[in-house]
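The values are calculated or read from the model by the stated rules, or taken from the named source; none is laboratory data. Every value quoted in this text rests on a predicted model; they were computed, and no experiment measured them. So basically every Cβ, Gly included, is an ideal-geometry build from the backbone, and we count neighbours across all protein chains shown.
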Amino acid sequence: MMQRTQFIDPGRCIGCQACVAACRECDSHRGRSMIHLDYIDVGRSVASMPTVCMHCEDPIAPCAEVCPADAVLVTADGVVQEAAKERCIGCANCVHACPFGVPKIDFEEKLQYKCNLCYDRTSVGLAPWCATVCPTGAIFYGTLEELLAQRPNAVVSDIVVFGEQEIHTGVAIVAPSGYARDWIPGGLP
Amino acid sequence: MSALRRSTEDAAAPRGLDVAASAAGVAAALVTLAAIYLGSRRLRDFDAALIGYATATVFLAFGVVYRYVVWVQSPPARRYLVRGWGSFLSWRNFRDFPTLVPRELFSNLAFQTFIAKRGAGRWLAHQALFWGVTLATLITFPLTFGWIRFDVVPPGSRYAMYLGGVRTITFAPLTWLGWMIFHALDVAAVLVLIGCTYFLWRRFRDREATTGQRLGFDFFPLVALVAISVTGLLLTFDSALLDGQDYAFLAIVHMAVVVLTLVFIPFGKFFHVIQRPASVGVDVYKRTGLEREGVFHCRRCGAPVESAAFVRDLERTMQELGLRFGEWVETCPRCKRTQRGERYLEQVKRGFS
Amino acid sequence: MTERHELPIVAPGIDDFAREGAGPAGGWEAPERPQVRLVPTHCCFCGVQCGMFLKVDAHGRVFGVEARDHDINRMRLCPKGVVAYQQVNHPDRLLRPLMRDRRGDPLRPVSWDVALDRIADEIRRIQDAYGRDAFGVIGGASLTNEKAYLIGKFARVALRTRHVDYNGRLCMVSAAAANKKAFGIDRAANPWADLLEAQVILLAGANVGETFPVATQYFWEARDRGARLVVVDPRETPVARTADVHVPIRPGTDAALFNGLLHVIVREGLVDEAFVRDHTTGWEGVRDTVASYPPERVAEICGVDARRVEEVALLWGRAERAMALHARGLEHHVQGVDNCLAVINLVLATGQLGRPGAGYGTITGQGNGQGGREHGQKADMLPGLRDIENPEHRAIVAERWGIDEAELPRAGTSFVEMMEQMRAGQIRGVIGFCNNPLVSLPNLSRIEAAYEALEFHAQADFFLSETAERADVVLPSAVWAEDEGTTTNAEGRVVKHNRAADPPGEARPDWWIMRQIAERLGAGRWFAFESPREIFDDLRDTSRGGIADYAGITYEKIERTGGVFWPCPTPDHPGTPRLFEDLRSAFPDGRFRFHAVEWREPAEPADEDFPLRLTTGRTVAHFLSGNQTRRIGALVEQTPRPWVEVHPSLGFASGDPVRVVTRRGSATYPALVTDTIRPDTVFIPYHWSGRVAANRMTVDALDPVSKIPEFKVCACRVERGDEIDPLSPPPIPPGRMPQPFEAEPAGDARPPTAPQGRGTSER
């Protein structure tokens, strides 16, 4: 987990898509929303979940690993950047290798786009757009101490498990207090 | 950890000498030397004043090939290299899709239509830069290698161009053709300057470009191209209007910036020139793979994910990289997220806390 | 085995960028900071009034938004708030006055002089021929306090007509009337920060997550501190989903539920006897009434489990600090006032008032829902929440305005009643500011007939609304960011909007328009305002000594403090964030009033022919009549069209064409089949116009006191439809091209993924 990072709590999400609208306002990819908002219990409840880049730390950034053009850079602060414009060849390897389903791609532009933690903002100490506007704190940005000061009962995990693969992530997910495991299921049985 | 960092750092970062790449690089340097030697008719046509350029080119050959070999050793790049060239050189593909490769070369490499989709301004600027650099490259390398030489045709009103010692065309200097031939590098410089001005403006003005930009990676190449163009134009200016009074000095400055830039190519942003053709290979591979093996449908929702060949190859790549969730590729990104959300509701929490 | 397929293969959710339309006019820009000026202001949309900065470029053009750390919202914004700025330079904006000579002619651009002279002539002609009251003025609660105040003054001083009312009549007037009856003052009793101290929060008929998304943080943070949340709503809304208790009552049974809660509280001895004895009157009547609402009966009326009624009652009754909040779900009923009074009875009986964490409030819907009803654009009110039939109040206001009290008109009729009078020829001409009744009023065919019957209709708006489209004269007004002024949010906090840009073309602020007309009517001296600040000073002076006393609020004070809660009678007064701290009401005797309430069936109960209950409401991506939000690409992309929400037991599948029929009309929508709605209830969002306007079907029955229409329940039936009714794109001025996203793409009449809209991968 990064020192200052995002904490995702789908339990607080109201599915309003403020994050989706705000993501378009990010100066580093203005007009394009990188965040995903999925309704995950369709027909049974209004439950929803935002997906931002988890900035995988170990194994580091599968999207970068599978990139044939070395286009995905991980900066020293642990942020997995969007594809370098001059290098990306639009092959979509990263799109399909990402276990969280994060990267997007514009096939016409032959360019991958993904959440870069609003690098224009976070690199100068501001919170990313989605966490800034999120009306519910379902996306929180700060340190773990700051989170716990507001939500004393929260437990967080930065391990997501896909089948046999454990992924340690730079972004953390909130679990309820008393949660028995130290990892979050990733969806792959 | 260091192994994990491998592909993510800037790939030019040093991490011990790669033997295979070194061997290939040395070979490339030797081939370049041989080509200069033979192409200049055993140095008879070689202009000694241009030796700095030739030397830099030899180093460039080493660097580019070294970097290239290192690059294509990574599992994803190697797979695309093999698949791309395989599709490119396949007779069957040529027969079934005769126009595919020429179309790709035209739109992807020459006219870069994908950049037009990113923005008209960026496309125009990149085209100016591209054609300027291409023109300059096509003239400068043969010239410095001694492959091209010009001579006066007696009685002296016309010039002749010699290619590898063979006389090709002759022309009068004061005609349109003559002007173009003698000033082609100036034209190239102006094109490059147009492109660089736009991109430099963007790097100061547009936060899409400024976010995360790096001095060495993003500014140096533009500054280098500006420096080459400006010093090159100054050479013309000096000889045309100032009787060449500072020509020797300017020539050295020009050569210095060119040499620096050439040596830099394998390490920085310019390497994309070498990498970009891979996109043609990938496109050809995807197209032909799709036609032959069909579409792979999402295991959960049935929507098309990618071509079956792509899915199979990506799974193999991930296996080679030690990523143990290759089968997840068979699920579309939306269903990956939804399934994670469902597991969260079932196994982590349903409600607020 | 091979399958023809085009490249590229786009798996779901990997290229769902906003491609066209979803952006500011002139495209997306990301200039470096030195080229950007940040103007602090607030959102134009709901009653939360979130603070925000507008980003203005070197040419004075608004091109973006930046988060603002204001006390109300602490940087947070909802999807509407984020894109609100895209209205400023929107290509659909009205840039010149439009006019038609007779009905049926097309609108054509004219000069301001021609348009204003025509309006003044028609006002004079109609008033001379049919009397002063034959011309009506209709305002809106999205107007700033300055403009809302001026609407009332304009109607009563310039036109001297009693017929002035506003679209807040569709919003929270039931709560306003109940507040007046119980507390003697119409304002939320507590600031929302008090929620953080509450142990139990009861939220009734308020889909906070969708209609006041940013207010959700107060509820969530209260829960982080241990508060229990109870939500009363026929649908499992986003806040109801995770609530500690969700009571999914049948629409139109709120009063029974709250009587039942009080019944259990009385039975369990949880009444705060000391509070009731010392600070209230009328308890006995209420106690006797609720005696006949045992949980079993309530369970039957409301269609919920009796144990849940007990559970909620005990939660509330045992809490040391509890707060109750409600919104339109409770108020949009023929017994809307009674519903609110039933909640207030619960609050009073348990003494949950006047303390941090203990209190009550309505969440006003429109941006200035609170302020808009305080300063005299309401038919029965004068500025400062004064009563137009109270001789003392009349005298004060007449004196402050410098007119003869006898010239001050008496109370007029409500918005919906005015429509009846228009149809009946009692009102012959209307000028409207900031409203769109041809989408927002119930039983639309009667509203259309009402406007059709007018001899003259002028409408001011910044987009050509469905109502403006039919007007004889259309006046181009400024959007919120092009003028300054104050609004009063749902808490009673007065905040300041600042001007970020000049109005485009010939558009002008509404106050300028009213001044021009007043001058032409010979009443210019009462309207000689050069700026909103001068109007605000007039408002402050007029409200002085009233209940909503703004005398001590100044622009500077608001800017210094981040908002001032009224009453604030003097410049050195800090404002009043929490009412009733001394446990005294605003009545002379200081006592709070209980009002016994009996539950009654809605105006149109379900029967054999129409066995289901239709309830209408909102969705998060759109606002009110949609005149603003249906033109913003990002919001259209999220929720492109209306749908009908039905329970799986009705036998439909999502996407099926389902025809909804009431006694007044029918329309066919795509079904969104979900467990989150009661089997006996169907839901349609009302933001759209034309064939699919939900208000074609709603009933125009009114609460006898507040005159609010019963939007929240009428009888209906559903049947399998043939073809889904198409959307009507929002009207645009003559000669313009519609935005590409404004019309529905052929064949894409899918319902949203969830009531909150389409998921990002479902577009």
Scanning the range C:126-164 for residues that are over 23 Å from C:Ala478 (Cβ atoms) and among the acidic types (Asp, Glu) gives C:Asp128, C:Asp133
Looking at the range B:63-89, which of its residues are under 19 Å from B:Asp313 (Cβ atoms), away from chain A (no Cβ under 14 Å) and either surrounded by fewer than 14 Cβ atoms within 10 Å (Cβ to Cβ) or at pLDDT 85 or above (or both)? B:Gly86, B:Leu89
Within the range A:110-133, restricting attention to residues that are without any contact (Cβ under 8 Å) to a residue 24 or more places away in the chain and among the aliphatic types (A, V, I, L, M), which residue is surrounded by the most Cβ atoms within 10 Å (Cβ to Cβ)? A:Ala127
What number goes with the only condition from (1) closer than 27 Å to A:Gln150 by Cβ; (2) facing chain B (nearest Cβ under 9 Å); (3) polar (S, T, N, Q); (4) not in a loop (DSSP other than H, G, I, E, B) that A:Gln6 does not pass? (2)
Counted residues in the range C:213-246 being farther than 14 Å from C:Leu325 by Cβ, crowded, with 23+ Cβ neighbours inside 10 Å and away from chain A (no Cβ under 12 Å) come to 1
Restricting the range C:610-624 to residues that are β-branched (Val, Ile, Thr) and touching a strand residue (DSSP E or B) at 6+ places or on another chain (Cβ under 6 Å), the residue that is surrounded by the most Cβ atoms within 10 Å (Cβ to Cβ): C:Thr615
With criteria (1) within 13 Å of chain A (Cβ to nearest Cβ); (2) of a type outside the set (Phe, Trp, Tyr); (3) touching a helix residue (DSSP H, G or I) at 6+ places or on another chain (Cβ under 8 Å), B:Pro304 comes up short on (3)
Qualifying positions in the range A:73-89 - more than 7 Å from chain B (Cβ to nearest Cβ) and surrounded by 24 or more Cβ atoms within 10 Å (Cβ to Cβ): A:Val80, A:Glu82, A:Ala83, A:Cys88
What number of residues within the range B:240-254 satisfy the criterion of being charged (D, E, K, R) and buried (at least 16 other Cβ atoms within 10 Å of the Cβ)? 0
So, in the range A:9-30, of the ones that are more than 7 Å from chain C (Cβ to nearest Cβ) and part of a loop (DSSP other than H, G, I, E, B), which residue ends up modelled with the lowest pLDDT? A:Cys26
The lone condition B:Phe237 fails out of (1) part of a helix (DSSP H, G or I); (2) more than 10 Å from chain A (Cβ to nearest Cβ); (3) surrounded by 18 or more Cβ atoms within 10 Å (Cβ to Cβ) is (3)
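Within the range C:432-462, restricting attention to residues that are among the aromatic types (Phe, Trp, Tyr) and buried (at least 24 other Cβ atoms within 10 Å of the Cβ), which residue is farthest from C:Phe154 (Cα to Cα)? So that I can check it myself, show each step before the final result.
Start the filter on the range C:432-462 by keeping residues that are among the aromatic types (Phe, Trp, Tyr), which leaves C:433, C:451, C:456, C:462.
The next check asks that each one be buried (at least 24 other Cβ atoms within 10 Å of the Cβ); those that pass are C:433, C:462.
On the way: C:Phe433: 12, C:Phe462: 20 Å.
Ranking the qualifying residues of the range C:432-462, first place goes to C:Phe462.
Within the range A:31-71, take every residue that is in a loop (DSSP other than H, G, I, E, B) and touching a residue at least 60 places away in the same chain (Cβ under 8 Å) and give me the one that is surrounded by the fewest Cβ atoms within 10 Å (Cβ to Cβ).
A:Pro59
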Counting only residues that are buried (at least 23 other Cβ atoms within 10 Å of the Cβ) and in contact with a Lys or Arg (Cβ under 8 Å, 6 or more places away or on another chain), which one in the range C:248-257 is nearest to the other protein chains (Cβ to nearest Cβ)? C:Pro251
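For the condition under 27 Å from C:Leu257 (Cα atoms) and in contact with a Cys (Cβ under 9 Å, 6 or more places away or on another chain), what is the one hit in C:Ala621, C:Ala596, C:Ala603? Before you say what the answer is, go through the steps one by one.
Values: C:Ala621 fails: under 27 Å from C:Leu257 (Cα atoms); C:Ala596 fails: in contact with a Cys (Cβ under 9 Å, 6 or more places away or on another chain).
Only one candidate qualifies: C:Ala603.
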All positions within the range C:220-270 that are part of a strand (DSSP E or B) and without any contact (Cβ under 8 Å) to a residue 24 or more places away in the chain: C:His246
Some residue of the range B:184-207 being charged (D, E, K, R), assigned to a helix (DSSP H, G or I) and more than 30 Å from C:Gln35 (Cα to Cα): yes
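Of a type outside the set (Ser, Thr, Tyr) and within 22 Å of the chain's Cα centre (by Cα): is that true of C:Ala458 in this structure? Break it down into steps so the answer makes sense when it comes.
Values: of a type outside the set (Ser, Thr, Tyr): yes; within 22 Å of the chain's Cα centre (by Cα): no.
No.
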Being in a helix (DSSP H, G or I) and in contact with an Asp or Glu (Cβ under 8 Å, 6 or more places away or on another chain) is the filter; apply it to the range B:210-233 and report the residue that is nearest to the other protein chains (Cβ to nearest Cβ). B:Thr210
Can you tell me which residues in the range C:597-626 are in a strand (DSSP E or B) and out of contact with any Asp or Glu (no Cβ under 8 Å at 6 or more places or on another chain)? C:Leu614, C:Thr615, C:Thr616, C:Gly617
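Return the residues of the range C:441-470 that are in contact with a strand residue (DSSP E or B) (Cβ under 8 Å, 6 or more places away or on another chain), touching a residue at least 40 places away in the same chain (Cβ under 8 Å) and of a type in the set (A, V, I, L, M); say none if nothing qualifies.
We begin by selecting, within the range C:441-470, every residue in contact with a strand residue (DSSP E or B) (Cβ under 8 Å, 6 or more places away or on another chain); these are C:441-442, C:451, C:454-462, C:464-465, C:467-468, C:470.
Checking the rest, the ones that are also touching a residue at least 40 places away in the same chain (Cβ under 8 Å) come to C:441-442, C:455-456, C:458, C:460-462, C:464-465, C:468.
Within the range C:441-470, C:Leu441, C:Ala458, C:Ala460, C:Leu464, C:Ala468 qualify.
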Considering only the range A:33-64, state which residues are at the interface with chain B (Cβ under 8 Å from one of its Cβ atoms) and at positive phi. A:Ala61
If you scan the range C:130-157, which residues turn out to be surrounded by fewer than 24 Cβ atoms within 10 Å (Cβ to Cβ) and in contact (Cβ under 8 Å) with a residue 24 or more places away in the chain? C:Tyr130, C:Arg132, C:Asp133, C:Ala134, C:Val157
Collect the residues in the range B:41-70 that are more than 19 Å from B:Val259 (Cβ to Cβ) and not in a helix (DSSP H, G or I), keeping them in residue-number order. B:Arg41, B:Arg42, B:Leu43, B:Arg44, B:Asp45
The correct count of residues that are within 21 Å of the chain's Cα centre (by Cα) and assigned to a loop (DSSP other than H, G, I, E, B) in the range C:485-508 is 4
Where a residue in the range B:39-52 is under 11 Å from B:Phe145 (Cβ atoms) and its partner, wherever it lies, is of a type in the set (S, T, N, Q) and part of a helix (DSSP H, G or I), with Cβ under 6 Å and at least six apart: B:Leu50/B:Thr144
So which residues in the range B:318-343 are out of contact with any Leu (no Cβ under 6 Å at 6 or more places or on another chain), surrounded by 24 or more Cβ atoms within 10 Å (Cβ to Cβ) and within 7 Å of chain A (Cβ to nearest Cβ)? B:Met318, B:Pro333, B:Arg334, B:Lys336, B:Arg337, B:Thr338, B:Arg340
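Regarding B:Val166, is this residue surrounded by fewer than 17 Cβ atoms within 10 Å (Cβ to Cβ) and hydrophobic (A, V, I, L, M, F, W, C)? Spell out the reasoning first.
Values: surrounded by fewer than 17 Cβ atoms within 10 Å (Cβ to Cβ): yes; hydrophobic (A, V, I, L, M, F, W, C): yes.
Here the answer is yes, as B:Val166 does meet what is asked.
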